[in-house]
1. How many residues, within segment 289-332, are within 21 Å of PHE176 (Cα to Cα) and not in a helix (DSSP H, G or I)?
2. Where in segment 85-147 are there strands (runs of 3 or more DSSP E), lying fully within it, with 2 or more residues that are open to solvent by 50 Å² or more (accessible area, probe 1.4 Å)?
3. For segment 160-179, which residues satisfy the criterion of being open to solvent by 10 Å² or more (accessible area, probe 1.4 Å), hydrophobic (A, V, I, L, M, F, W, C) and under 16 Å from the mean Cα position of the chain (by Cα)?
4. Among helices (runs of 4 or more DSSP H) lying entirely in segment 189-278, which contain 1 or more residues that are of a type outside the set (Ser, Thr, Tyr), in contact (Cβ under 8 Å) with a residue 40 or more places away in the chain and within 18 Å of LEU171 (Cα to Cα)?
5. For segment 19-78, which helices (runs of 4 or more DSSP H) that fit wholly inside it have 1 or more residues that are closer than 28 Å to CYS311 by Cα, open to solvent by 10 Å² or more (accessible area, probe 1.4 Å) and modelled with pLDDT under 95?
6. Write out, first by first residue and then by second, each pair whose Cβ atoms fall under 6 Å of each other, whose residues are 6+ apart or on separate chains, and whose first residue, in segment 366-380, is of a type in the set (Asp, Glu) while the second is part of a helix (DSSP H, G or I).
7. Give VAL247, VAL275 a once-over and let me know the one that is among the β-branched types (Val, Ile, Thr), surrounded by fewer than 20 Cβ atoms within 10 Å (Cβ to Cβ) and either modelled with pLDDT under 95 or under 17 Å from PHE291 (Cα atoms) (or both).
8. Residues in segment 48-70: is at least one more than 17 Å from ASN350 (Cβ to Cβ) and of a type in the set (Val, Ile, Thr)?
Amino acid sequence: ESLNIDYPWIKKHNNIHLIEFPDWLSSEIRDFVNYVSPTKDEIIKRNTCFNKVRNLIASNIPNSHVHVFGSFAADLYLPDSDIDMVVICDDTISYPDTKSLLFKVASLLRNEKITSFMETITKTAVPIIRIKEKFSNLKIDISFNQKTGLKAAGLIRSWLNEFNGLRELILVIKQFIKSRKLNDVHFGGIGGFAIICLAYTFFKIHPRIITNSINPEANLGTLLIEFFELYGKNFNYNDIAILISAVSGPSLAPKYIYQELSISKKFDRHNFNLVIQDPFIPNNNISKGTFKMNELKKAFSGGFSLLTNKCYELHHISPKNRKGETILGHLMTYESLPRTFSDERHLIVNEALKDNEEYNQNLKQVELQEKIKIKNDKDNPKKLSKETSNQINPSINKKKTKTNKKLNQDQDLNQNDDHNLSKNENENENDDYDYDLNETIDEDQNPSKDSDSKSKLLHNRDSDNLLTEATNKRVKISDFH
C-alpha cells in the first residue's frame with residue numbers, strides 16, 4: 001500500500017532499518033519497478049489494441065504484415081509507453097515508396113474511425129503515423145518497411161537475459177528522462193533503444209560486474225548513481241563513440257576512426273554529440289537525432305548530484321524521522337491513476353513479444369539456409385564456374401560438340417591418313433583451351449570473399465579508465481561525509 005501520494009511507489013514499509021543508503025535506494029527502485037510493471041488487464045488491453053490494428057491493415061492491404069517492436073516487444077515498457085508497430089509490404093508495384101504506403105494506411109485508419117487522434121510525420125528519416133487508439137487510449141507509432149527494429153527487440157531480450165537488474169535500471173532511467181521531456185527523438189531527445197544501449201554498455205564495461213564481483217540486482221542503488229556519474233560527468237562525448245555489435249556486444253573507440261557515424265558531414269573533433277553505432281547497420285548512428293545532447297548530459301549530471309546530496313541529507317536525520325522519506329523521489333516523479341504493486345506478466349502472454357520471437361526465429365532459419373547455400377557454392381567452385389560459363393557462352397559447348405563429331409567422322413573415314421587425324425586433334429586441343437580460359441575468367445569474376453572490414457579499435461579496452469573509482473566499491477555512509 002502506498003504511503004506518499006506524490007511518490008506513489010513508496011510503500012508503508014519504511015527503510016530506516018537499512019543502514020546503507022544505496023540499499024535504501026535499491027529497495028525504492030524495486031518498489032518502483034513493481035509499481036509500474038503491467039497488470040493482467042493492461043497486457044490484455046495492449047494485446048487487443050495490437051490485434052485490432054494489425055488485422056485491419058493486413059486485411060485491407062494485400063501482401064502486408066504488421067509486427068510490433070520497441071519496448072512492448074522487448075518487455076521494457078512503462079504503463080503509458082507507446083506501442084511501436086511496423087508495416088512490411090511486399091507489393092512494390094502498388095506501393096513503390098514508403099510515403100505511398102503511409103498515406104494508404106492513414107486513409108484506412110481515418111475511414112475506419114478507430115482513432116481519436118492521428119498525425120502523419122513525413123519530414124523525418126523514418127516517416128511514421130502517430131495515432132491514439134480510440135477504445136484503449138493507447139498511443140501507437142506506425143513505421144513502414146523498417147525491419148531492423150524487429151531484430152533489435154530480439155537482441156534487447158538477450159541482453160536482459162544476460163544481466164539481472166538491467167531491466168530495473170532501464171525502467172528507472174526511462175522514467176527519469178521522460179519526466180524531463182527528453183524522450184522524444186523527433187524533438188531532439190533520446191530514443192528508447194539508445195537508452196538501452198547506454199545502460200547495457202555501462203554494465204558491460206563495469207569492472208565489478210564483468211568480473212562477477214557484485215550482483216547487479218542487489219546493488220541497483222549504487223549502479224544508478226554510477227550510471228549518472230559516467231554519462232553526466234566522465235564520458236568524453238567529443239572523442240568517443242559507442243560501437244554495438246550484435247555478436248560481441250559493445251566497445252568504445254575514437255570517433256575519428258568512424259567518421260561516417262558523425263552527425264556533421266565534415267568531421268569536427270569538437271562536435272559534441274552522442275554516437276552509438278547501429279548493431280545491424282554499421283554506418284548508422286542510432287542517436288543522430290539527439291541534438292539536445294547538452295540538456296541530456298546536464299540531466300545525467302544533475303541526477304548524480306541529486307542522489308548523492310539526498311543521501312548526505314538523510315545521513316543527518318535521525319532514523320525515527322526518516323519514515324516517509326524518499327531518495328528516488330528526489331530524482332523524479334510519477335503521475336498516474338492509483339495502481340497496484342502487482343507484476344502480472346507471468347499470468348498472460350504478451351502477444352507482441354510472442355510475435356517478435358516468431359519473426360526472429362523465422363529470420364534465423366532464412367539466414368541459416370542462405371549460409372548453407374553460400375557454403376555449398378564455395379565447396380563446389382569448379383562446378384559453379386562451369387555452370388556459369390555455360391550460361392554465359394553456350395556456343396562454346398556447341399563448338400566443342402561439333403568439333404568432336406567432326407573428329408570422329410574423320411577418324412572413321414581416314415584411319416590411315418595421319419595428316420588429317422593430326423589436324424583434327426589440333427583443332428580439338430584449341431577448342432579445349434578456349435573452354436578452360438572461359439572457366440578461369442568466370443572464377444576471377446566470382447571472388448570467394450570480400451576482405452574483412454577494418455577492425456574495431458579499443459574493443460574490450462580496460463574499463464577502469466572509463467568509470468571513476470566509485471565503481472570499484474559500493475557507496476557507503478562514510479562516502480557522504
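The values are calculated or read from the model by the stated rules, or taken from the named source; none is laboratory data. Quick caveat, the model's predicted, so the values are computed rather than measured. All Cβ positions, glycine included, derive from the backbone under ideal geometry; neighbour counts span all protein chains shown. Side chains included, ligands, DNA and RNA excluded: accessible areas come from the protein's heavy atoms. Shrake-Rupley method; radii C 1.70, N 1.55, O 1.52, S 1.80 Å.
1. Qualifying residue count for the region: 10.
2. In segment 85-147, 115-121 are the strands (runs of 3 or more DSSP E) which contain 2 or more residues that are open to solvent by 50 Å² or more (accessible area, probe 1.4 Å).
3. LEU160
4. 192-205, 220-229
5. It comes to 21-36.
6. Final answer for the pair search is ASP377/LEU384.
7. That would be VAL247, the only listed residue that is among the β-branched types (Val, Ile, Thr), surrounded by fewer than 20 Cβ atoms within 10 Å (Cβ to Cβ) and either modelled with pLDDT under 95 or under 17 Å from PHE291 (Cα atoms) (or both).
8. Taking every residue of segment 48-70 in turn, at least one turns out to be more than 17 Å from ASN350 (Cβ to Cβ) and of a type in the set (Val, Ile, Thr).
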